[in-house]
Number of protein chains: 2
Amino acid sequence: MPKTHTTTPRADGFRMPGEFEPHAGCWMLWPERGDSWRLGAKPAQDAFTAVAGAIARFEPVTVGVSHGQWENARNRLPEAVRVVELSSDDAWMRDCGPTFVVDDRGGVRGVDWEFNAWGELYFPWDKDEMVARKVVEMLGFDRYRAPLVLEGGSVHADGEGTLLTTEECLLNPNRNPALSKAEIEGLLKDYLNVEKVVWLPRGVHMDETSGHVDNLCCFVRPGVIVLTWTDDPADPQHEISAEALEVLKRETDARGRRFEVHRIIQPGPLYMTEDESRSIETRENSISPEAGERLAASYINFYIANGGIVAPRFDDPMDKPALEVLGRLFPDREVVGVSSREILLGGGNIHCITQQQPLGNSKETPWEA
Amino acid sequence: MPKTHTTTPRADGFRMPGEFEPHAGCWMLWPERGDSWRLGAKPAQDAFTAVAGAIARFEPVTVGVSHGQWENARNRLPEAVRVVELSSDDAWMRDCGPTFVVDDRGGVRGVDWEFNAWGELYFPWDKDEMVARKVVEMLGFDRYRAPLVLEGGSVHADGEGTLLTTEECLLNPNRNPALSKAEIEGLLKDYLNVEKVVWLPRGVHMDETSGHVDNLCCFVRPGVIVLTWTDDPADPQHEISAEALEVLKRETDARGRRFEVHRIIQPGPLYMTEDESRSIETRENSISPEAGERLAASYINFYIANGGIVAPRFDDPMDKPALEVLGRLFPDREVVGVSSREILLGGGNIHCITQQQPLGNSKETPWEA
């Protein structure tokens, strides 16, 4: 019988696993709002469909869709992908979805963070705020309601006690202005059951999420990190990545290990075109992307599936070397590149639109007959 | 991988089981529309909550709710009941939900009938039309799309080849005007895998569904039927029930058995009060119930759960004898009466708002941890 606990995952022996640990499946949402996605979201729907299809080769995928888009989504998505009705304000399951935590006996529970649309950047967010709770309820899992405004994309766990995040995002006054850094760190430790939080200064240049870590760097496995990079000292991203590298070089993880850090050269720089900008609706309460604006493009924004890596491609010369690095870093997984510029135009990438559900002792996924 | 078959359940060896066969659980919807339910549906929500709670004592219950009512439903329903987002135009899961069929190896599939809101009685019905498909997809079951306008409440199967229905409903020109009786019977045989359809003339007096059989009579088990009854020859229901009894006495079932028919004396007659009528919204495209209108009250409109019977009560002198008859007919099940006048005011009763999901070899219900 699902319930909402008033204790914490830490107190109950639940921890956030690494994304590279086994999954029961992957959750996504369906893009539709015209002020986030150009041309009525049709190109984005194609990109999301390609991502869902790529992940579905490795593990079950469920896509949450509003009633109005249900049939369109069902008709476009591959048959193997499950479609469920799930209203949202936008389509970033990583950020408004639950963060799953597991215990040593295969139990899985969901952490439901407070959500304020990346610092009240888009209005409204009442549907997004309920996504995590609805997913956890649909699964019949128990839930924690964490008293912290946080998006899933702003943290990466190694599953062994270490968390990566950025000060730019988590200490931003648009999220939790009443909480100190120590208080925020305390809540992360309580709700994700980690012992050490590694604070990187800033996220990717021009990232509208206030610098989510999941666009900057992530764990390949405990002790091993991959970081977006540019060798061009004139690119503002250079200083950002160099600062992060410096922190990672002097830090150790919760188990006392030094980090092994790999780099992937970023694409571009890439910019929003005039045509792209013009085909996005403008609204008074939303930020409007302008033609010529630098896009926060990074290969780090990939999804780790069971036996696979689903990574962004930008039709850029750096695609090939980037996917090759991923292939070397994940020798036991098949790397699949998906052309994701249409997701990037909405403000994120493949990792931002996905959320892994850890395997636990999950009576597997009910929808795989 | 769920798919929509273009074959028929009969061709694939799937049959509609009797409601008395084992269930994986029960599906319901949440009432909210003000022109169906008085006082903004709050009294009906209490009644649905009581029904869901009663059934949840015996088997898992899932309630489908619109986004706007999700939190209200979650807060009112017992913790044991699962809430999922599922938009609908009204709340009659029996009629717009899937009819599940099973095969001998424990497989379960869903039949998705065409739905036209009981002969275009209420407008609109686009959301209701999609309920069956969404439920089947959520479960990951395969689906049949039946080329027949039909509501689940208009048929009762014994699971051994026999189907009960009414001519008043299935031959009504508001449903399938282009199909002959033989063609309709052929589709019932193909999609429910029965050999014999027993046609009763009419449903309960004043039943706005055009006389659904599930308010008139049902199977207790193969060969045994219980029928609503009145001994008052001046009551129009007397002739209706007597006609049905006559047919049942001369008919045999698919296995050649004669029917054993039990009777339950109806409550009342019951009528809509002035207060009740006034507290229902009126709309141009909906029928408006009038004060003094006879209500189609019947004890037959109960739900058979695993080990339980959840039956209507009307705070009527006939409640006690009716529940006693059910207790004798179902000696291995606990009979629970639920006060259901608020459901009756909306045009149906407990059976109409529920839909059993047969057990099959269902990896049980995923939401029961």
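The values are calculated or read from the model by the stated rules, or taken from the named source; none is laboratory data. Every value quoted in this text rests on a predicted model; they were computed, and no experiment measured them. Methodologically, a virtual Cβ is constructed for each residue, glycine included, from the backbone with ideal geometry; neighbour enumeration extends over all protein chains shown.
Evaluate the stretch A:189-202: report whether one residue or more is within 23 Å of residue A:356 (Cβ to Cβ), more than 20 Å from the chain's Cα centre (by Cα) and assigned to a strand (DSSP E or B).
Going residue by residue through the stretch A:189-202, those that are within 23 Å of residue A:356 (Cβ to Cβ) are A:189-198, A:200.
Narrowing further to those that are more than 20 Å from the chain's Cα centre (by Cα): A:190, A:195-196.
The next check asks that each one be assigned to a strand (DSSP E or B); those that pass are A:196.
Yes, the stretch A:189-202 has at least one match.
Counting only residues that are surrounded by fewer than 21 Cβ atoms within 10 Å (Cβ to Cβ) and either among the aromatic types (Phe, Trp, Tyr) or more than 21 Å from the chain's Cα centre (by Cα) (or both), how many does the stretch A:1-48 have?
15
For residues that are farther than 23 Å from residue A:358 by Cα and more than 9 Å from every other protein chain (Cβ to nearest Cβ), tally how many sit in the stretch A:46-67.
Summing the residues that are farther than 23 Å from residue A:358 by Cα and more than 9 Å from every other protein chain (Cβ to nearest Cβ) in the stretch A:46-67 gives 2.
What is the number of the single condition among (1) at pLDDT below 95; (2) of a type outside the set (Lys, Arg); (3) out of contact with any Asp or Glu (no Cβ under 9 Å at 6 or more places or on another chain) that residue A:54 does not meet?
Evaluating residue A:54 over (1) at pLDDT below 95; (2) of a type outside the set (Lys, Arg); (3) out of contact with any Asp or Glu (no Cβ under 9 Å at 6 or more places or on another chain) leaves (1) as the failure.
Restricting attention to the stretch B:146-204, which residues are closer than 27 Å to residue B:261 by Cα and small (Gly, Ala, Ser)?
Within the stretch B:146-204, B:152, B:153, B:154, B:157, B:159, B:161, B:182, B:186, B:203 qualify.
Six or more apart or on different chains, Cβ atoms under 7 Å: show the pairs whose first residue is in the stretch B:28-53 and in contact (Cβ under 8 Å) with a residue 40 or more places away in the chain and whose second is among the basic types (Lys, Arg) and not in a helix (DSSP H, G or I).
What qualifies is B:35/B:283.
Would it be correct to say that residue B:155 is within 14 Å of another protein chain (Cβ to nearest Cβ), buried (at least 22 other Cβ atoms within 10 Å of the Cβ) and under 21 Å from residue B:7 (Cβ atoms)?
Judged against the criteria, residue B:155 is not a match.
Looking at (1) within 29 Å of residue B:164 (Cα to Cα); (2) in a helix (DSSP H, G or I); (3) touching a Leu at 6+ places or on another chain (Cβ under 6 Å), can you tell me which one residue B:24 breaks?
Going through the list (1) within 29 Å of residue B:164 (Cα to Cα); (2) in a helix (DSSP H, G or I); (3) touching a Leu at 6+ places or on another chain (Cβ under 6 Å), residue B:24 breaks only (2).
Looking only at the stretch A:1-53, count every residue that is over 29 Å from residue A:103 (Cα atoms) and not β-branched (Val, Ile, Thr) and tell me the total.
The total comes to 21.
Which numbered condition trips up residue A:248, out of (1) more than 20 Å from the chain's Cα centre (by Cα); (2) farther than 23 Å from residue A:171 by Cα; (3) not acidic (Asp, Glu)?
(2)
State the number of residues belonging to the stretch B:79-95 that are at the interface with another protein chain (Cβ under 9 Å from one of its Cβ atoms) and either in contact (Cβ under 8 Å) with a residue 60 or more places away in the chain or over 17 Å from residue B:353 (Cα atoms) (or both).
3
Kindly indicate the residue of the stretch B:49-65 that is buried (at least 22 other Cβ atoms within 10 Å of the Cβ) and in contact with a Gly (Cβ under 7 Å, 6 or more places away or on another chain) and also nearest to residue B:125 (Cα to Cα) among those meeting that condition.
B:62
Counting residues that are over 23 Å from residue B:301 (Cβ atoms) and of a type outside the set (A, V, I, L, M), which strands (runs of 3 or more DSSP E) fully inside the stretch B:41-156 reach at least 2?
Passing ranges, in order: B:82-85, B:108-114, B:142-149.
Any idea which of (1) of a type in the set (A, V, I, L, M, F, W, C); (2) under 25 Å from residue B:25 (Cβ atoms); (3) surrounded by fewer than 24 Cβ atoms within 10 Å (Cβ to Cβ) is the one residue B:132 doesn't satisfy?
(3)
Is it the case, given these coordinates, that residue A:114 is in contact with an Asp or Glu (Cβ under 8 Å, 6 or more places away or on another chain), surrounded by fewer than 23 Cβ atoms within 10 Å (Cβ to Cβ), within 27 Å of residue A:67 (Cα to Cα) and within 14 Å of another protein chain (Cβ to nearest Cβ)?
For residue A:114, the condition - in contact with an Asp or Glu (Cβ under 8 Å, 6 or more places away or on another chain), surrounded by fewer than 23 Cβ atoms within 10 Å (Cβ to Cβ), within 27 Å of residue A:67 (Cα to Cα) and within 14 Å of another protein chain (Cβ to nearest Cβ) - is not met.
Look at the stretch A:302-333 and say how many of its residues are in contact with a strand residue (DSSP E or B) (Cβ under 6 Å, 6 or more places away or on another chain) and without any contact (Cβ under 8 Å) to a residue 40 or more places away in the chain. Spell out the reasoning first.
From the stretch A:302-333, those in contact with a strand residue (DSSP E or B) (Cβ under 6 Å, 6 or more places away or on another chain) are A:302-303, A:306, A:308-311, A:313, A:318-319, A:322-323, A:325-327, A:329-330, A:333; that's our starting set.
Filter once more, keeping what is without any contact (Cβ under 8 Å) to a residue 40 or more places away in the chain: A:309, A:311, A:313, A:323, A:327, A:333.
Matching residues across the stretch A:302-333 total 6.
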